[in-house]
Amino acid sequence: MRLSRYYLPTLKEAPKDADVKSHALLVRGGFIRKIAAGIYDFMPLGVRVLKKIEAVIREELDRANAHEVLLPAVQPAELWEESGRYVQYGPELLRFQDRKGGHFCFGPTHEEVITDLVRRDVRSYRDLPVILYQIQVKFRDEIRPRFGIMRAREFSMKDAYSFDVDDSGAHASYEAMHAAYCRIFTRCGFRFKVVEADTGAIGGSRSHEFQVLAESGEDSILTCRKCGYTANDEKAEIPPPDTLVATDCPACEPPRERVHTPNQRTVEEVTDFLGISPKQLIKTLLYVADEKLVAFLIRGDHDLNEPKAKAMLGASLLEMADEATVRRATGAPVGFAGPVGLEVPCYADWALQERGPMVTGANEEDYHHRGVVLGRDFEVREFADLRIAATGDTCPRCGTRAAYDAHRGIEVGHIFFLGTKYSETMHCTFLDENGAEQPAVMGCYGIGVSRILAAAVEQSHDEDGIIWPMPLAPFQVNVVPLNMDDAEVREVAEQLYSTLLAAGVETLLDDRPERPGAKFKDSALVGIPFQVVIGRRGLKNGVVELSRRGDQARRDLPVAEAAAEIIEQVRAAFDDHRLPPDWVYDPSA
Ligand code: ATP
Ligand code: MG
């Protein structure tokens, strides 16, 4: 591609809302442009990278016997009513009506549509297993779109769905997709972790996330140093404590005491004011679970894990109580709730089982209680694992104490074992060997195709711009003649350009009448792996200069050998990312 004829408008300044590096660099480098909150244009360079990612995905999924389909983005509401998710999915689902008043939504995911497709054609156990996938635009009306295309509202996703005759078949499909994902993310050049995950709104019983390690990641991942157990902190389980006795004799403890805490609401304010550690405080968090008010009691230095709380109650909707509800239930504004005398069922994290007298809110404005004792001053309906795991916690697998290392991650893929959740409600059945009707056992598997672009930039950039890993690079070589007006420079550049193109190397020729400084700046910003500089001075010595983006080293190549050498280096760089067919992912590597 000739840059003089290409559409590559680069920018000096990052957009004001760019809060992560990838967002700034992708906009400045002319890959994407924002059109509305969470909605982006992909420009020619951006599209080239998307296509690279898609090609890797297609190759690996085809190898795993998955077949590509293309399902509609606009979906009839009836299908979502059948699965029960039309209401349950909440405000992230973009719903609208057509001219006849028919109800539709823009697909945020495609379980309903694919289940409907498969139920119409699959009749017998002989038709299964089936794995289908598509690469398509999704829309989710995210409450907080941010970080550019990392958390967008409209984004490109690869979604796949498997249908099997039984659990063991479905687990085999799950394993095959798990393996394909490891290959895909390795081929993309990522440093990533496979983590046990919460199943969230999609539902199901088993789930893994593929997390690209990056400081800017929204997810927090915990890995046990001893046994390697790795989980999203939303999911990481915490075993019950060894000591279950709060205090030997609750009645023998000194009586609780009401203390004046004017305007002290947060854990920090109250503990500073009273000169105590957050470990000595109980946070009382009021929630509405399926329209019933409940209270969660959590130690001051811990955080409530909402997915765990929701799962423990078996609730389908769990929301923090609003101010008015808190006032009605406690008689006090937010910040002074406590379990003593509270007529709401209390569920406590089991870290509170091993604690002595504690400080709690007094259900009275500007007051707390000191010396509150479990079993004497208040009762708990149930103890459970309710908090977000942190580095100090014990590993649920091997029992090592303070076991966890913490990392930040960007979720680029997510796989779920669904079981028969959708096939039962939507009657996606087949006849088994005995002629009996059975629901198909399903799995679903997502990859954030456009998010991968952002994740790759987060993992690989410097102050000057992006450093694309070879397999995702929009072009492989950037040929930079320093002065197109110089006949010899122009001729060598044109010759090199056409030789590289003929060899199948994706090459950009910066034939713009720009100053060298501007060309170098753009070249670094856009991040093409190889750069060849052709200048008057070099040509006097019969050489051009080859460099690798992200590497300070420069090498002079004799003009006559330049093309062959560059072609060889590009091949070798690709070879670094190839995987043999029998390659298996090693989590400890
Ligand atoms: P998240 O927790 O990040 O919201 P999710 O669990 O909702 O993700 P899935 O429903 O599993 O995501 O979707 C599959 C993949 O699609 C995710 O792993 C992620 O890579 C990508 N994805 C999800 N939401 C977005 C978004 N708003 N913008 C870009 N990519 C997204
Ligand atoms: Mg989401």
Test set (1) more than 16 Å from ligand 2 (Cβ to nearest atom); (2) in contact (Cβ under 8 Å) with a residue 40 or more places away in the chain - residue 484 fails condition number: (2)
Residue within segment 20-32 that is away from ligand 2 (no atom under 16 Å from the Cβ) and loosely packed, with under 13 Cβ neighbours inside 10 Å present: no
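Quick check on segment 79-95. Is at least one of its residues more than 16 Å from ligand 2 (Cβ to nearest atom) and polar (S, T, N, Q)?
Applying the first criterion (more than 16 Å from ligand 2 (Cβ to nearest atom)) to segment 79-95 yields 79-84, 86-87, 95.
Now restrict to residues that are polar (S, T, N, Q): 83.
Yes, some residue in segment 79-95 is more than 16 Å from ligand 2 (Cβ to nearest atom) and polar (S, T, N, Q).
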Residues within segment 296-316 that are among the aliphatic types (A, V, I, L, M) and touching a residue at least 60 places away in the same chain (Cβ under 8 Å), tallied: 5
Subset of segment 150-196 [open to solvent by 10 Å² or more (accessible area, probe 1.4 Å) and aromatic (Phe, Trp, Tyr)]: 155, 190, 192
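Is there a residue being touching a residue at least 12 places away in the same chain (Cβ under 8 Å), surrounded by 11 or more Cβ atoms within 10 Å (Cβ to Cβ) and within 18 Å of residue 491 (Cβ to Cβ) anywhere in segment 563-575? I'd like the intermediate steps shown before the answer.
From segment 563-575, those touching a residue at least 12 places away in the same chain (Cβ under 8 Å) are 563, 565-567, 569-570, 573-574; that's our starting set.
In the following step, the residues that additionally are surrounded by 11 or more Cβ atoms within 10 Å (Cβ to Cβ) were identified as 563, 565-567, 569-570, 573-574.
After this cut, where a residue has to be within 18 Å of residue 491 (Cβ to Cβ) as well, the list is 563, 566.
Within segment 563-575, one or more residues are touching a residue at least 12 places away in the same chain (Cβ under 8 Å), surrounded by 11 or more Cβ atoms within 10 Å (Cβ to Cβ) and within 18 Å of residue 491 (Cβ to Cβ).
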Any hit, segment 128-135, residues being open to solvent by 20 Å² or more (accessible area, probe 1.4 Å), assigned to a loop (DSSP other than H, G, I, E, B) and within 8 Å of ligand 1 (Cβ to nearest atom): no
Neighbours by Cβ (under 7 Å, 6+ apart or cross-chain): first from segment 437-457, open to solvent by 10 Å² or more (accessible area, probe 1.4 Å); second within 12 Å of ligand 1 (Cβ to nearest atom) and modelled with pLDDT under 95: none
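I'm trying to understand the selection: among the residues of segment 408-431, which are of a type outside the set (Val, Ile, Thr), more than 16 Å from ligand 1 (Cβ to nearest atom) and open to solvent by 60 Å² or more (accessible area, probe 1.4 Å)? Give the steps one after another, and end with the answer.
Just the residues of segment 408-431 that are of a type outside the set (Val, Ile, Thr), to begin with: 408-409, 411, 413-414, 416-419, 421-424, 426-428, 430-431.
Filter once more, so that each one left must be more than 16 Å from ligand 1 (Cβ to nearest atom): 419, 423-424, 426-428, 430-431.
Within segment 408-431, 424, 427, 431 meet the criteria.
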Scope segment 104-147; condition over 21 Å from residue 427 (Cβ atoms) and more than 16 Å from ligand 2 (Cβ to nearest atom); matching residues: 104, 133, 134, 135, 136
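Taking the condition of being farther than 18 Å from residue 459 by Cβ and either within 14 Å of ligand 1 (Cβ to nearest atom) or touching a Lys or Arg at 6+ places or on another chain (Cβ under 7 Å) (or both), how many residues in segment 16-26 meet it?
The initial filter retains those residues of segment 16-26 that are farther than 18 Å from residue 459 by Cβ, namely 16-17.
Pick out the ones that are also either within 14 Å of ligand 1 (Cβ to nearest atom) or touching a Lys or Arg at 6+ places or on another chain (Cβ under 7 Å) (or both) and you get none.
Total satisfying the criteria: 0.
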So residue 139, is it open to solvent by less than 50 Å² (accessible area, probe 1.4 Å), touching a Leu at 6+ places or on another chain (Cβ under 6 Å) and within 15 Å of ligand 1 (Cβ to nearest atom): yes
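The values are calculated or read from the model by the stated rules, or taken from the named source; none is laboratory data. The structure presented is a predicted model; accordingly, all values stated were derived computationally and were not measured. Because the Cβ atoms are built from the backbone with ideal geometry, glycine has one as well, and the counts that use them run over all protein chains shown. SASA here: full protein model, heavy atoms, side chains in, ligands and nucleic acids out. Shrake-Rupley method; radii C 1.70, N 1.55, O 1.52, S 1.80 Å.
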